[in-house]
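Structure record follows, encoded as structure tokens.
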Amino acid sequence: MLLRHTPKEVKERTALTINPAKTCQPIGAMYAALGIHGCLPHSHGSQGCYAYHRSTLTRHYKEPVMAATSSFTEGASVFGGQANLLQAINNIFSVYEPEVIAVHTTCLSETIGDDIPQIIAKARDEGKIPPGRHVIHANTPSYVGSHVTGFANMVKGMVDYLAKSNGHKENRVNLIPGYVEPCDMEEIKRLAGELGVPHIMFPDTSNVLNAPQTGRYHMFPPGGVTVEELALAGSSVGTVALGRMASGPAARALDTKCKVPCEILDLPIGLKATDAFIDTLRQIAGVTVPDSINIERGRLVDVITDMHQYFFGRKVALAGDPDQLISLTQFLVDLDMWPIHIVTGTPGKKFETRIKEITKDVPHPVNVRATGDMFLLHQWLKSEPVDLLMGNTYLKYIARDEDIPLVRFGFPILDRVGHSYFPTVGYRGGLRLLEKILDAILDRQDRDAPEESFELVM
Amino acid sequence: MATVNAEELGAPVIDINAEEVKKELLSKYPTKVARKRAKQIVVNEVAPDGAVPEIAVNVRTIPGIISQRGCTYAGCKGVVLGPTRDIVNITHGPIGCGFYSWLTRRNQTKPPGPEAHNFMTYCFSTDMQDEQIIFGGEKKLRQAIQEAYDLFHPKAIGLFATCPVGLIGDDVHAVAREMKEKLGDCNVFAFSCEGYKGVSQSAGHHIANNGIFTHVVGLDDTVKEGEFKINMLGEYNIGGDAFEIERLFDDIGVTLISTFSGNSSYEYFANSHTADLNLIMCHRSINYVAEMMETKFGIPWIKVNFIGAGATAKSLRKIAGYFENKELSALVEEVIAREMPAVEKVREEVKANCEGKRAMLFVGGSRAHHYQELFQEIGMETIAAGYEFAHRDDYEGRRVLPSIKVDADSRNIEELHVEPDPERYRPRLAPEGIERLAKAGIELSGYEGMMAEMASGSLIIDDISQFETEKLIEIYRPDIICAGIKEKYAIQKSGVPMKQLHSYDSGGPYAGFKGAINFYREIDRMVNSKVWKYLKAPWQEHPELAAKYVWE
Ligand code: SF4
Ligand code: SF4
């Protein structure tokens, strides 16, 4: 057994996290920053953090992930990191020539209490920021929240530094896609395009972290929201923010700063959440939903009708991030599946309330924990087994020990490809999720069926 | 740009003037950066006596210059302690550090039975919150240790401090002492391996070595059976390397007391001082333990290298030579003779496909050196190499040890003062023995370093930056580059195959004879892959148009 020491019986722990279902803020900030065109994320702290964040993002995307660091040593940790950051800004603009440097902090620089805006101002005064280039920042203390919080903070940083109101509103909608994959961002843009709604998406990692192989490496790939677009976001007519936790803070900041009103929705994963997204966008823009989208929706509903018998009453255990889990749980409930064990590592009381609300009609007790970990999830499902696991790659250890099929979903996925190319948002994304769930369940049925009842047609 | 593009000139690499390349690499840096990097980039020149030019290494990374280094915590928890299965390693800090070092290094381990302890699949963290940052985290750490103990009853618990811990002043060592006493039957020890200490993961190796030596080595005096007892140091069982090496040890009849630290166990460490010889694989990460064991217990060490078939054979002979035993030597020869035909067969096959191709290696503290031999065996030349976190002795050989200046960053890392153990010090060799071995060509405590074995005119680059890597690719268009995960996809996006030599991508083992075969085939697969011909679509190769909508 791979997780041979995990006992069935749950003893409450108050200090020890085992097999976390979250990681730290800066990696989310780094991911978000990569969604700005021509941006080099910068980790203000010692170099270990950025090495880990780059490595993890690289393993998840199988793409180059560039970032810089202030490389704190003992001295910087005692006297503060101002000198390191000034030097870094100068070196980065001289050598790598990005349009934007997006600085995030680490638990080290946060504990020291470095004042980043003041250091950036100093860099500007000293002429270390070339004209037309930008340095933005977000505070991302890793002892608060999780990688999702870090993502949210950096997206808010984009608004704080770069969005401007030009005095009038233009017929255009800002889309904040949430902490989703590059292909999901692409899909959300495509749907807005189908609806005929002009939009600005930020951040946008499509064509950055799923870039083509051309035999030429570009440190700054063609994708990403541009600084000009970010400025214009301040004069859009409204913002649709997807995922309360990851996108909410930026949307509200833009409202406060530039008076751009916002609608904050669930991530458009699954039928109902996608319906809500399309319906909201339609009403804001005053457009009719084209048939192409109705067809996509109808196909998703069709597959649910056709295969309902395989979904009905199947028990599922989930681990992941709050925004994703809320929409996914809703989708599973809509399929008449029973999501019965749900953990996220990201703290937040609302999560548990929301999940309980969504699962209130599931005819089975439901375990949910916002500050849970995968050790707890494993213990739960030892007592109350499930038919399917959904979550990141780390769940495969549980899947193997307990012999439960696993659908990979979320971050990080370190052992398969596809997540950065094939969206799970929108109706098409819903179809892909159905395909994955069915593959897992039906492969298992094929494997376990006695010879006499092995089925050709399913 | 470059005046020296080998591909365009169709010139052999030797014609590329390395000094010119160096200038090109430095050309874009601000003056201060260029001045510093100039000392870390050296054109190799091997004197007849083996002396090589001095290189500035183990110095601070320059802020903003993208380096591939990690931190002290990574070197301590990730590299040295991580591969051992039965210690509960608790990361004391916010969640990130523990999360990222969870199962990502591909260290394999094989517990002796289904009941045996194996915690490597688990990640343990105190997941510090702002409350602990403000009021201190010792209380939570104590509680976490208690919870781990109650759940698992491990023999040992290791505590690892991350960046904020040192700053807020948590005394991890005091907590360790207290809990060790309280628990009674569980050894608890701590490592002050905050990421800002030292200049790279190398500091973490040293801290880990000190900790294991102080708290574990020597706890169990049981003398195991076996005529030839050895320890294997600096082998982390990435991709199963240690399994292949263990297989060879079994076949030649030497007894492996402990490996530091791949496929290993706390109990093996505790007993390791009963061995009669230490073998060092990765000199950088573990030589401290070898030195301290020699001083305290009288165990000599030799440098070995199981990367490459030739190197493996040589290392096995060295072991037999050390023990001065005819039967052992005969057995070693028998094993080599048994293994080599299969190796040779594949080697010939692969060499025909790879001969003359050129490699660059920028990795680690030993692998940039070790793997050159494997490439040589299939006719490939290493035209540039460097380490990420090594010291001068790894580059220039231990002969320079006396002349290495200890700077402030290194002084921060404790040097343990070790003395011979009053009861247990037992020199394994008398002075005559040492002399005899020297005559037989078996050098004790010796390591020549990487540069002496590289061609004059090749480039040596320490702590290579992203910018320099890109420039090198532009100038040399090497056939393969070996480095780590962070460099991998930028290199491959440039159209050059890239092999990870920290984690081996998905491959391995590459050690020993079977490993050599695996590596030959892997490199053949990579440098001769068809995929590199697919980069352009047909219409990009032949964009000219004939006419519109004409079928003929
Ligand atoms: S938890 Fe802190 S020290 Fe660890 S990786 Fe995250 S930011 Fe860095
Ligand atoms: S050479 Fe590589 S494997 Fe060895 S310690 Fe060093 S990094 Fe690790």
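The values are calculated or read from the model by the stated rules, or taken from the named source; none is laboratory data. Nothing here was measured: the structure is a model prediction, and the numbers come from that model. FYI the Cβ positions are ideal-geometry reconstructions off the backbone, even for glycines, and counts take in every protein chain you see. For the accessible areas, the whole protein counts, side chains as well, though only heavy atoms, and no ligand, DNA or RNA atoms are used. Shrake-Rupley method; radii C 1.70, N 1.55, O 1.52, S 1.80 Å.
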**Request:** Give the Cα extents of region A:170-291 along the principal axes, in whole Å, largest first.
**Result:** 44, 35, 26
**Additional length obtainable on full extension of the chain from B:ALA337 to B:ILE134, 0.36 nm per residue less Cα span** = 66.6 nm
**Prompt:** Quick one: buried accessible area between B and A, total over both chains, 1.4 angstrom probe, nearest 100 Å²?
**Reply:** 6800
**Prompt:** Which cross-chain or sequence-distant (5 or more) residues have an amide H under 5 Å from the amide H of A:LEU414, H modelled 1.01 Å from N in plane?
**Reply:** A:THR393
**Prompt:** Of A:HIS419, A:VAL386, A:THR359, whose Cα points farthest to the positive end of the dipole of region A:350-419 (charges on the beta-carbon: +1 Lys, Arg; -1 Asp, Glu; origin at the Cα centre)?
**Reply:** A:HIS419
**Fill in**
For A:ILE404, other-chain or 5+-apart residues with amide H closer than 5 Å (H placed, Pro excluded) are none
**Complete:** Once amide hydrogens are built 1.01 Å from N within the peptide plane, the residues lying 5 or more places from B:LEU361 or on another chain with amide H under 5 Å from its amide H are B:ALA384, B:ALA385, B:GLY386, B:CYS482
**chain B: radius of gyration over Cα atoms, expressed as a fraction of 2.2 N^0.38 Å** = 1.02
**Request:** Classify region A:292-453 as rounded, prolate or oblate from the Cα gyration tensor: take a ≥ b ≥ c as the square roots of its eigenvalues, call it rounded if a/c is under 1.5, otherwise prolate when a/b beats b/c and oblate if not.
**Result:** rounded
**Request:** May I have the pair-distance distribution P(r) for region A:110-228, computed from all Cα-Cα distances with 10 Å bins from 0 and rounded to whole percent?
**Result:** 11, 31, 36, 20, 3
**Prompt:** Of all DSSP beta bridges located in the protein assembly as shown, what percent are antiparallel, nearest 5?
**Reply:** 10
**Computed FRET value (nearest 0.05) for B:ALA56 with A:ASP125, which takes r as the C-beta separation and R₀ as 30 Å** = 0.35
**Message:** Quick check on my link table: of B:LYS77/B:LYS318; B:LYS28/B:LYS197; A:LYS22/A:LYS356; A:LYS128/B:LYS28; A:LYS382/B:LYS140; B:LYS77/B:LYS155, which ones sit more than 24 Å apart, alpha carbon to alpha carbon?
**Reply:** B:LYS77/B:LYS318; B:LYS28/B:LYS197; A:LYS382/B:LYS140
**Hull volume in cubic angstrom per residue (convex hull over the Cα atoms of region A:25-161)** = 97
**Complete:** Candidate cut points under trypsin sites (Lys or Arg not before Pro) in region B:497-549, DSSP loop plus at most 10 other Cβ atoms within 10 Å of their own Cβ, are B:LYS548
**Message:** Run the reach check for B:LYS530 against aspartates and glutamates, Cα to Cα strictly under 16 Å, same-chain hits fewer than 8 apart removed. What comes back?
**Reply:** B:ASP479, B:GLU522
**Complete:** Of every hundred units of 1.4 Å-probe accessible area on region A:25-161, the number belonging to carbon and sulfur atoms, as a percent, is 50
**Asked** Where only protein heavy atoms count, and the probe is 1.4 Å, what is the accessible area per residue for the protein assembly as shown in Å²?
**Response** 37
**Asked** Counting other Cβ atoms within 10 Å of each Cβ, which chymotrypsin sites (Phe, Trp or Tyr not before Pro) in region A:396-458 have at most 14 and sit in a DSSP loop?
**Response** A:TYR421, A:PHE454
**Asked** Based on the alpha carbon coordinates of the protein assembly as shown, what radius of gyration and maximum Cα-Cα distance (Dmax) apply, in Å?
**Response** 29.1, 95
**Fill in**
The pairs in A:LYS62/B:LYS303; B:LYS180/B:LYS514; A:LYS62/B:LYS471 lying past 32 Å Cα-Cα in this model are A:LYS62/B:LYS303; B:LYS180/B:LYS514
**Item:** Sites excluded, chymotrypsin sites (Phe, Trp or Tyr not before Pro) in DSSP loops with at most 11 other C-beta within 10 Å, longest stretch of chain B
**Value:** B:1-533
**Request:** Calculate the spin-label point distance for A:ARG216 paired with A:ILE295, positioning each point 7 Å from the Cα along the beta-carbon direction, and give it in nanometres.
**Result:** 3.6
**Fill in**
With a 26 Å threshold on alpha-carbon distance, the violating pairs from A:LYS8/A:LYS396; A:LYS272/A:LYS350; A:LYS122/B:LYS405 are A:LYS122/B:LYS405
**Shape call, region B:72-198: gyration tensor on alpha carbons, a/c limit 1.5** = oblate
**Prompt:** Given a Förster distance of 51 angstrom, what is the FRET efficiency for B:SER403 paired with B:THR255, based on the Cβ-Cβ distance and rounded to 0.05?
**Reply:** 0.85
**Asked** Using the Kirkwood formula over every pair of different C-alpha atoms, what hydrodynamic radius in Å results for region A:356-451?
**Response** 15.0
**Request:** Can you tell me the relative contact order of chain B? Whole percent, Cα pairs under 8 Å, sequence separation 6 or more.
**Result:** 19
**Prompt:** For region B:57-74, what does the Karplus curve 6.51 cos²θ - 1.76 cosθ + 1.60, with θ = phi - 60°, yield as ³J(HN,Hα) per residue in whole Hz, taken in order and with x for Gly and Pro?
**Reply:** 9, 6, 10, 4, 6, 7, x, x, 8, 4, 10, 10, 6, x, 10, 4, 4, 4
**Prompt:** For A:217-224, what's the mean count of beta carbons from other chains sitting within 10 Å of each residue's beta carbon?
**Reply:** 3
**Request:** Work from the charge dipole of the protein assembly as shown (Cβ charges, +1 for Lys and Arg, -1 for Asp and Glu, about the Cα centre) and give the residue of B:MET498, A:THR111, B:LEU331 farthest towards its positive end.
**Result:** A:THR111
**Prompt:** What percent antiparallel are the DSSP beta bridges of chain B, to the nearest 5?
**Reply:** 10
**Request:** Enumerate the calculated ³J(HN,Hα) couplings along region B:187-199 in order (Karplus 6.51 cos²θ - 1.76 cosθ + 1.60, θ = phi - 60°), each rounded to whole Hz, writing x wherever the residue is Gly or Pro.
**Result:** 7, 10, 9, 10, 10, 8, 10, 3, x, 7, 6, x, 10
**Request:** Can you figure out the FRET efficiency of B:ASP505 with B:GLU541, using R₀ = 30 Å and their beta-carbon distance, to the nearest 0.05?
**Result:** 0.50
**Message:** What value in Å³ per residue do you get for the convex hull of the alpha-carbon atoms in region B:389-492?
**Reply:** 203
**Asked** Using θ = phi - 60° and the Karplus form 6.51 cos²θ - 1.76 cosθ + 1.60, what ³J(HN,Hα) does each residue of region A:181-190 get, whole Hz, x for Gly and Pro?
**Response** 6, x, 5, 5, 4, 4, 5, 5, 5, 4
